[in-house]
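The values are calculated or read from the model by the stated rules, or taken from the named source; none is laboratory data. Everything numeric in this text was worked out from a predicted model, so none of it was measured. Methodologically, a virtual Cβ is constructed for each residue, glycine included, from the backbone with ideal geometry; neighbour enumeration extends over all protein chains shown.
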């Protein structure tokens, strides 16, 4: 599960349907995959528009409480998935 800010409150969410593409263990995908899944969901929902820049890895790391390396790995996975 991935925590993120929505307005002034923290929210926990699992992005749907793409978990099986990223990890065999649907109950506990790695954090980098959760980050990737979250942004896939945001793109598919229209919350992030084509051409819109994603936040830098350091900001994603701070927002979700992960290391910058984990955030970069999630973004790298997202870029390889297209």
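Listed by position, the helices (runs of 4 or more DSSP H) enclosed by the chain that each have at least 2 residues that are at pLDDT 90 or above are 31-45, 57-64, 68-81.
A quick yes/no check of all residues on (1) surrounded by 12 or more Cβ atoms within 10 Å (Cβ to Cβ); (2) in contact with a helix residue (DSSP H, G or I) (Cβ under 6 Å, 6 or more places away or on another chain):
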residue: 46; (1), (2): no, no
residue: 50; (1), (2): no, no
residue: 55; (1), (2): yes, no
residue: 59; (1), (2): yes, no
residue: 69; (1), (2): no, no
residue: 73; (1), (2): yes, yes
